[in-house]
Amino acid sequence: MNYNIALLKGDGIGPEIVDSAVKVLEVVGKKFGHVFNFTPYLIGGSAIDATGEPLPKETVEGCLASDSVLLGAVGGPKWDTLPGNMRPEKALLGIRSAMGLFTNLRPAKLYPALKGDCPLREDIVANGFDIMIVRELTGGIYFGERGFREGKYGEEAYDTECYSRMEIERICKVAFETAMKRNKKLVSIDKANVLDSSRLWRNVVHKMAKSYPEVEVSDMLVDNAAMQLVRNPAQFDVIVTTNMFGDILSDEASQITGSIGMLPSASLGNNTRGLYEPIHGSAPDIAGWNVANPIATILSAAMMLLYSFNLTKESEAIVNAVNKVLEAGYRTADLAHGAPSLSTTEITDKIIENL
């Protein structure tokens, strides 16, 4: 099979980690008889420097014409003084919206080989944990009405949290179906004691739960959820929540896995074309040093094979190779804690050796 993949390398360490994922995909293609065609497009700060805008029209058109998209990272201090609508991060919201990607899947898994890197007590994570966070991606406060105005105390700024019943239903459908494929346990996280948008969210979840009687459903307020993630992460299987809450909680979950450099993500819509990216940032302070951890991006590529191309064996081959490398004790600098470590290209080569 032939697959056309758009590459959005972006800024900072983005080009390095995307190049690592491409190397892995090329080996997978040769091993399993597939051809992956890669086409690079500009996004973020690099796009601003080249074209004057963070998300050029050519990039949007290229992504929409592809079978799927692999993204590195965007942003950096070079562009921090630009107005909000011209910041590199604006491109992320724009490409997600253009591609109709309303679902973000963020797995947070503690690999057995990395238990010693988890900041939680050993007794808390003795049995590990495997959480799937289902985050709504194109609604809520990040896309709501916003602006500046004169208020009671002078100039003020506002951002609006708004969700329609349709937006909640479609993300919850993904969450319920994900739970059915896992341990049939779903926690919906909101702030229904304060926000009307959360009250509608909770109402929709309860109504949809009747169609999934096998799934154990519970509600949890977001502040309690933040505490429970560090108190007992193993209690969670699938989490569904809003755009902003999901953004914050998934980053918290990443930290208890040992390293943010380990966690992939998938952004999906109503078709098989998705956007796959590591959840970490562009790390401009280490860009070009060949020390960044590429595993999150490589695992994002594995998610692409599974969710967009339905290549289960190929996806599992990458995940198993990563596991073998970690179990063998190989680490990048973020996980080495001062001990000898492998570079970006060296850890990539080790993963390829185990494919």
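Values quoted throughout were computed directly from the atomic coordinates according to the rules given, and no laboratory measurement underlies them. Quick caveat: nothing in here was measured; it's all calculated off a predicted structure. Virtual Cβ from ideal backbone geometry, glycine too; neighbours counted across all protein chains shown.
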| Contact order normalised by residue count of the chain, Cα under 8 Å, 6+ apart, percent | 22
| said: How much length would be gained if the chain were fully extended between VAL194 and ASP219, taking 0.36 nm per residue of separation minus their Cα-Cα distance, in nm to one decimal? | reply: 7.6 nm
| remark: Between GLU216 and residues 5 or more places away or on another chain, the pairs with built amide H atoms under 5 Å apart involve LYS185, LEU186
| message | Could you compute the net charge surrounding SER265? Neighbours are other residues with a C-beta less than 13 Å from the C-beta of SER265; K and R count +1, D and E count -1. | response | +1
| field | the chain - Debye-derived log10 I(q)/I(0), Cα point model, q = 0.12, 0.15 Å⁻¹ | value | -0.91, -1.41
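Tally the DSSP beta bridges in segment 119-256 and give the antiparallel ones as a percent, rounded to 5. Working shown, then result.
Values: 6 of 20 bridges.
Taking every DSSP beta bridge with both residues in segment 119-256, the antiparallel ones total about 30 percent.
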| Using θ = phi - 60° and Karplus 6.51 cos²θ - 1.76 cosθ + 1.60, couplings along segment 4-11 (whole Hz; Gly, Pro as x) | 9, 10, 7, 10, 10, 6, x, 10
| ³J(HN,Hα) computed for each position of segment 266-276 - Karplus, 6.51 cos²θ - 1.76 cosθ + 1.60, integer Hz, glycine/proline x | 10, 10, 10, x, 8, 10, 7, 6, x, 10, 10
| request: Return the single residue from ILE168, ILE17, ILE239 with maximal mean-square fluctuation; model: Gaussian network over the chain, springs between Cα atoms under 10 Å. | output: ILE168
| query | Which entries in LYS57/LYS191; LYS184/LYS207; LYS109/LYS191; LYS30/LYS184; LYS30/LYS109 show an alpha-carbon gap greater than 27 Å? | reply | LYS57/LYS191; LYS30/LYS184; LYS30/LYS109
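Using DSSP loop states and a limit of at most 16 other Cβ atoms within 10 Å to flag chymotrypsin sites (Phe, Trp or Tyr not before Pro), what is the longest stretch of the chain containing no flagged site?
Details: sites that count: TYR153, TRP289.
For chymotrypsin sites (Phe, Trp or Tyr not before Pro) (loop position, at most 16 other Cβ atoms within 10 Å), the longest site-free span of the chain is 1-152.
Could you give the length gained on full extension between SER343 and ASN320, defined as 0.36 nm per residue of separation minus the Cα-Cα distance, in nm? Walk me through the numbers before you get to the answer.
Details: separation 23, 0.36 × 23 = 8.28 nm, distance 2.02 nm.
That pair, SER343 and ASN320, stretches by 6.3 nm at full extension.
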| Qualifying trypsin sites (Lys or Arg not before Pro) for segment 226-331 [loop in DSSP, other Cβ within 10 Å: at most 12] | none
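Mind pulling up the Rg/Rh value for segment 119-256? Radius of gyration and Kirkwood radius, both on Cα.
Values: Rg = 16.4 Å, Rh = 16.0 Å.
Checking Rg against Rh, the ratio lands at 1.03.
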| field | Distance between modelled label sites at PHE148 and GLN255, nm, 7 Å Cα→Cβ extension | value | 3.1
| query | When only DSSP loop residues count, what trypsin sites (Lys or Arg not before Pro) in segment 156-224 have their Cβ near at most 13 other Cβ atoms within 10 Å? | reply | LYS210
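So between ASN127 and ASN4, what do we pick up on full extension, going 0.36 nm a residue minus the alpha carbon distance?
Between ASN127 and ASN4, full extension yields 40.3 nm more.
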| message | Under a crude label model (7 Å from the Cα following the beta-carbon direction), how far is GLN228 from THR312 in nanometres? | response | 3.0
| query | Taking H as built 1.01 Å from N, whose amide H comes closer than 5 Å to the amide H of ILE133, not counting residues under 5 places away? | reply | ARG106, ALA108, ILE239
